[in-house]
Amino acid sequence: MAEGTKDAVSSNQMWGGRFASGPDAIMEEINASIGFDKKLFAQDIRGSIAHATMLAEKGIISGEDKDKIVSGLNTIMSEIETGKFEFSRKLEDIHMNIEARLAVLIGPAAGRLHTARSRNDQVALDFRLWVKEELVKTEAMLTRLIAAFLDRAEEHADTVMPGFTHLQTAQPVTFGHHCMAYVEMFGRDRARVRHAIDHLDESPIGAAALAGTPYPIDRHMTAKALGFREPTRNSIDTVSDRDFALEFLSVAAICAVHLSRLAEEIVIWSTPQFGFVRLSDAFSTGSSIMPQKKNPDAAELVRAKTGRINGSLVALLTVMKGLPLAYSKDMQEDKEQVFDCAENLELAIAAMTGMMRDMTIRADKMRAAAGAGYSTATDLADWLVREVGLPFRDAHHVTGRVVALAESKGCDLSELSLEELQSINPAITDKVFNVLSVDASVASRTSFGGTAPAEVRKQIAWWRARN
């Protein structure tokens, strides 16, 4: 073997396996983003049409060239939507793929489209538009999820269930009240979505590479055409900013945590040991060897997807943490995290909306559990404060002795006799039995935001007026 041939083989082995042609193949592989940023085609074309229209309006390009550009871009849009467009990795990204095809379609006029812009502000625009559209979609999905909870809350405003702290029975609540807790959570998520939309509602196009442009462009015109409130105010920040992507991921991560908490409860509630809910076949699966099982797979997968979504946030925070101003190629790593997060968040919200509307609530099981674990003990302590005049700490001590007595006899508090109660504190009267039932306990919690059915219905009405 010739020495030169040996060197070539050695070099290719050094670069390794799939990169048989050496460094050039590696560079193409690491540099190309068309495999994922082709998702931005509609935003890229929309931004280019607005930019070309503005250039013509300002006399920077001719009206004839503008018409050719717009016509060509619309043709490309149709080709991509119908699957006829051929994407090329050698052209790196969605911007160059579209620009190259435009040149084939309309000739030299295509070269005028990139006047007064850079790929830096172009990608910032495309990505902002995509994230804004995704946030609008998320807002609508959260509104539907909230509506599902409001419907279940109204249906079960009187359905008693145990309320928990530390996953131990604490006090009786209603299932309607429990549902409204998730309305509050997802309501905050929706408010964060709206805030994120407001934050990113500025148009980057016209910032060019980082310093602006000497052409007499009208950035307010393109901002208005693209549905933004106004243009960004600093060209350096514009091309180096990915806060809008980080905010989307932050909002998504918090929402995913809420979805995961709900998923965990559904997993627990659907067990035979709890039996509070029954999932339909649409959101559960069977076991391959245990015919009696019905697994809450949809809820478990929602719970797991939270890890992916949280990971996307951490990944992009890490990408951005050490970048000097302005643009760096590191920022090409922003999109895959956001795209994956958006896909999984949409799926998780849709699954939870379906489960909440579809699941059967087993009110009998909830009621039976609501009185277990001496859940009305606090009601007894409160009664001793109100009716007997004991300081709360003394009432707490008396109640503890009553619970111990009930435990020793293996009965509920309401099943103790008056004589047995009076053996602990002679001041107790038979009126105490009015507060020892779960229904009485729930009905008494009339403070604003409490679990009393009447109060739950007030909160439902408040939310319905705003959902």
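A few points about this structure:
- The stretch 430-467 versus the stretch 60-124: alpha-carbon centroid distance in Å: 62
- Residues with amide H under 5 Å from that of MET161, placed H, sequence gap 5 or more: VAL173, THR174, PHE175
- Under 26 Å from the Cα of LYS137 - lysines, other chains or at least 8 residues apart: LYS38, LYS39, LYS224, LYS305, LYS335
- The calculated 222 nm mean residue ellipticity attributable to helices in the chain amounts to -20000 deg cm²/dmol, summing -39500 (n - 2.57) over DSSP H runs of n ≥ 4 and dividing by all residues.
- For ILE61, distant residues with modelled amide H under 5 Å away: ALA56
- Think of a 1.4 Å ball rolled over the protein heavy atoms: the chain then has 48 Å² of accessible area per residue.
- Answer label for percent of Cα pairs over 28 Å apart (calculated), chosen among (1) 65; (2) 48; (3) 53: (1)
- Extreme residue, positive dipole direction of the stretch 300-427, given options LEU301, PRO426, GLY354 (C-beta unit charges): LEU301
- In plain terms, the bigger the Kirkwood radius, the slower the diffusion; for the stretch 55-197, with that radius from Cα pairs, at 37 °C and 0.692 mPa s, Stokes-Einstein puts D at 165 µm²/s.
- For the stretch 119-368, the fraction of C-alpha pairs farther apart than 29 angstrom is 41 percent.
- The charge dipole of the chain, taken about its Cα centre with unit charges on the Cβ atoms of Lys, Arg (+1), Asp and Glu (-1) only, comes to about 380 debye.
- The stretch 183-215-the stretch 246-264 distance, computed between alpha-carbon centres (Å): 19
- Overall, the accessible surface of the stretch 119-368 at a probe of 1.4 angstrom is composed of carbon and sulfur to the extent of 54 percent.
- Within the accessible area of the stretch 29-79, the carbon and sulfur atoms contribute 46%, probe 1.4 Å, all protein chains present.
- Share of pairwise Cα-Cα distances greater than 16 Å in the stretch 45-110 is 45 percent (whole percent).
The values are calculated or read from the model by the stated rules, or taken from the named source; none is laboratory data. Model, not experiment: these values are computed from the prediction. Please note: Cβ atoms are built from the backbone with ideal geometry, for glycine as well, and neighbour counts cover all protein chains shown. Just the protein is used for accessible areas: all its heavy atoms, side chains included, with ligands, DNA and RNA removed. Shrake-Rupley method; radii C 1.70, N 1.55, O 1.52, S 1.80 Å.
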